[in-house]
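*Asks:* One structure is given below, represented as structure tokens, and several questions about it will come after.
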Amino acid sequence: MLPTEPVRPLKDVWLRPRRVFRELATRPVGILDYVLAAAQGIVNFLALFRTQGAGAHSSVAEILGESFLFGPIGGVVGLFLFAAIYGRLGNRAGGTSTRSQVVHVLAYGGVPVVASLGIWVLTALLAGEATFVETPRADVEGFVVLLLDAQFIAYVLLLLWSIVLQVMGFSEIQGIATRKAFWVWVLGQFV
């Protein structure tokens, strides 16, 4: 019998999330959970600035500064708020989990969103304020429009993959079917 290779959560969560969440199930909340939550908060602030069209009235430096200042706080607070919500919803759906297990699912399930942080920053540095408007102005170069479209598509795909990972994580830690875990996730978003 071949020995099993050690679990590398940040790498393995992309394609073997159930294995990662089983491994993390016995661990307490750690510094990496907080770092991942903080980075997710930064990305959420950047996405919020884009949907609000902040590039029309704020500089890239202001937008990045506010995102890196307030995003980590919002990310960590949001992590624990959603952990409480999803813990209760999962338990009501017949599952069993601890708070730290739910925190791990939310933090490590968000690794793809965290990966998009680099794409956001690079796009902001290359495209400037156009990164943070819903629709680029007519005078924006074709390359910049292509870059913005590619960045948005990458962000959406990474966000969707994070959702898949979180649903699979809830299914694993709660001991419920994936379909039920999906509805727990959806209901938690509405709450």
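The values are calculated or read from the model by the stated rules, or taken from the named source; none is laboratory data. Since the model is a prediction, treat every value here as computed from it, not as a measurement. For neighbour counting, all protein chains shown are included, and Cβ atoms are generated from backbone atoms with ideal geometry for every residue, glycine included. In case anyone asks, the SASA skips ligands and DNA or RNA and just uses the protein heavy atoms, side chains included. Shrake-Rupley method; radii C 1.70, N 1.55, O 1.52, S 1.80 Å.
*Asks:* Considering only residues that are part of a loop (DSSP other than H, G, I, E, B), over 20 Å from Leu24 (Cα atoms) and open to solvent by less than 30 Å² (accessible area, probe 1.4 Å), which ones fall in region 61-99?
*Replies:* Ala93 - this is the single residue of region 61-99 that is part of a loop (DSSP other than H, G, I, E, B), over 20 Å from Leu24 (Cα atoms) and open to solvent by less than 30 Å² (accessible area, probe 1.4 Å).
*Asks:* Restricting to region 115-144, and then to whatever is of a type in the set (Val, Ile, Thr) and either outside any helix (DSSP H, G or I) or open to solvent by less than 50 Å² (accessible area, probe 1.4 Å) (or both), can you tell me which residue is nearest to Gly53 (Cα to Cα)?
*Replies:* Applying the filter and picking the extreme gives Val133.
*Asks:* Go through region 104-123 residue by residue and tally those that are farther than 29 Å from Arg16 by Cα and either among the basic types (Lys, Arg) or touching a Gly at 6+ places or on another chain (Cβ under 9 Å) (or both).
*Replies:* The number of residues fulfilling the criteria is 0.
*Asks:* Between a residue in region 171-191 that is within 10 Å of Leu89 (Cβ to Cβ) and any residue that is open to solvent by 60 Å² or more (accessible area, probe 1.4 Å), which pairs come within a Cβ distance under 7 Å, given they are 6 or more apart or on different chains?
*Replies:* Correct list of pairs: Gln174/Thr96; Gly188/Phe82.
*Asks:* Same structure again: Can you confirm whether Val102 is part of a helix (DSSP H, G or I), buried (at least 19 other Cβ atoms within 10 Å of the Cβ), at negative phi and aliphatic (A, V, I, L, M)?
*Replies:* yes
*Asks:* How about region 86-128: which of its residues are farther than 30 Å from Gln151 by Cβ and of a type in the set (Ser, Thr, Tyr)?
*Replies:* Of everything in region 86-128, those that are farther than 30 Å from Gln151 by Cβ and of a type in the set (Ser, Thr, Tyr) turn out to be Thr96, Ser97, Thr98, Ser100.
*Asks:* Sort through Leu148, Leu157 and tell me the only one that's surrounded by fewer than 19 Cβ atoms within 10 Å (Cβ to Cβ) and over 27 Å from Ala84 (Cβ atoms).
*Replies:* So the residue among Leu148, Leu157 that is surrounded by fewer than 19 Cβ atoms within 10 Å (Cβ to Cβ) and over 27 Å from Ala84 (Cβ atoms) is Leu157.
*Asks:* Looking only at region 73-119, count how many residues are closer than 20 Å to Phe45 by Cα and of a type in the set (Ser, Thr, Tyr).
*Replies:* 2
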